[in-house]
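Everything on this sheet refers to the single structure shown next.
The values are calculated or read from the model by the stated rules, or taken from the named source; none is laboratory data. Quick caveat: nothing in here was measured; it's all calculated off a predicted structure. Note that each Cβ is placed from the backbone with ideal geometry, even for glycine, and that neighbours are counted across all protein chains shown.
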Amino acid sequence: MTKILVIGANGSVGTHVVAALAEGGHEVRALVRDAAKAALPAGVEAVRGDLAAPESLVGALSGGVESVYLMWPGIPVQPRVVELIAQHAERVVYLSTDVADLADDEPAVIFHQEIERLIRRSGLGWTFVRAIDFAGNMLGWAGQVRQGVVRWPYGEARRSLIHERDIADVAVAALTEDGHDGGKYVVTGPESISHAELARIIGEETGTEVRWEELAPEAAREQLTAAWGNAAFVDSRLRAWEAFTREPERVTDTVRQVLGRPARSFRSWVRDHAEDFRWPPARLGARRTPRAPT
């Protein structure tokens with residue numbers, strides 16, 4: 001069994017990566033900011049470190065770490081992190097998003113592209129798990145669901161949201177099995193479902209009567225810019241959702257190809273998180289408040 005460092009161990013995907021690796025008998029280290037407060041499975045070693053301070057990773061990577069799961073939290077890119085991983089480990093599995101490959105001299109549009117490029121140049125064996133969009137982002141609707149109405153733009157926009165456990169399972173396969181070097185795995189849910197239908201499914205599975213109310217794009221732009229604080233990001237999401245009313249977000253068969261089973265349905269994800277949509281939430285205070293769906 002290999003020794004594996006999980007960077008992003010407290011994330012929505014990382015928690016499942018840690019649990020699955022521990023259950024599989026692997027020696028697991030979890031990079032955390034506060035080891036005393038880390039809630040980890042038995043046998044998992046908590047090691048303090050912070051991606052914003054790359055040299056803090058040296059201890060976590062020392063002592064025989066062979067593979068690394070890397071999630072980047074949206075802070076500025078630190079090339080030194082990839083350099084350190086390459087100095088100590090043999091392979092890395094990076095949680096990315098659905099991005100285009102870039103040439104060495106082509107400017108990166110988002111940070112995932114820059115990190116992927118750093119990893120490709122590093123000499124590490126690598127796999128990119130490119131998740132299109134998380135079903136977990138729908139927790140941003142929880143407050144509206146509790147009020148019985150979801151007000152959102154583009155009700156006919158069809159999405160292919162993926163369960164975070166499927167992302168984790170693909171990452172674990174890439175960390176522990178042969179044959180995944182150079183993989184660029186675009187992972188999605190098993191079908192595309194409209195925004196309005198997503199709201200209906202949430203209502204059915206939580207036992208809540210939920211009504212869809214179409215929100216005009218102009219009103220959505222104002223509200224989401226105030227909530228997210230990034231007008232350019234809001235505009236990009238509105239453009240994407242409008243496009244999905246004409247051509248659904250794509251669906252891939254990657255989960256089945258990697259794991260030998262289909263991806264979990266959105267309905268199954270809601271069942272796993274039903275209490276998070278009810279009031280009071282079962283895990284109130286145990287998680288950060290999610291942002292609105294993207």
In the same structural domain as Leu61 (by TED's automatic domain parsing), in a helix (DSSP H, G or I) and either touching a helix residue (DSSP H, G or I) at 6+ places or on another chain (Cβ under 6 Å) or not charged (D, E, K, R) (or both) - does that describe any residue in the range 91-109? no
Does any residue of the range 33-44 turn out to be assigned to a loop (DSSP other than H, G, I, E, B), exposed (fewer than 12 other Cβ atoms within 10 Å of the Cβ) and not aliphatic (A, V, I, L, M)? yes
From the options Asp105, Asp101, residue that is touching a Lys or Arg at 6+ places or on another chain (Cβ under 9 Å), of a type outside the set (Gly, Ala, Ser), surrounded by fewer than 20 Cβ atoms within 10 Å (Cβ to Cβ) and at pLDDT below 95: Asp101
Among Ala100, Ala89, which is the only one that is more than 30 Å from Glu213 (Cα to Cα) and touching a strand residue (DSSP E or B) at 6+ places or on another chain (Cβ under 6 Å)? Ala89
Tell me whether the range 186-209 contains one or more residues that are part of a helix (DSSP H, G or I), under 23 Å from the mean Cα position of the chain (by Cα) and free of Cβ contacts under 8 Å to residues at least 12 places away in the same chain. yes
For the range 69-81, check the following and say yes or no: at least one residue is surrounded by fewer than 18 Cβ atoms within 10 Å (Cβ to Cβ) and under 13 Å from the mean Cα position of the chain (by Cα). yes
Taking only the range 83-98 into account, find how many residues are within 21 Å of the chain's Cα centre (by Cα), of a type outside the set (D, E, K, R) and surrounded by fewer than 19 Cβ atoms within 10 Å (Cβ to Cβ). 1
Is it true that Leu175 is under 30 Å from Val92 (Cβ atoms), modelled with pLDDT of 95 or more, buried (at least 16 other Cβ atoms within 10 Å of the Cβ) and aliphatic (A, V, I, L, M)? yes
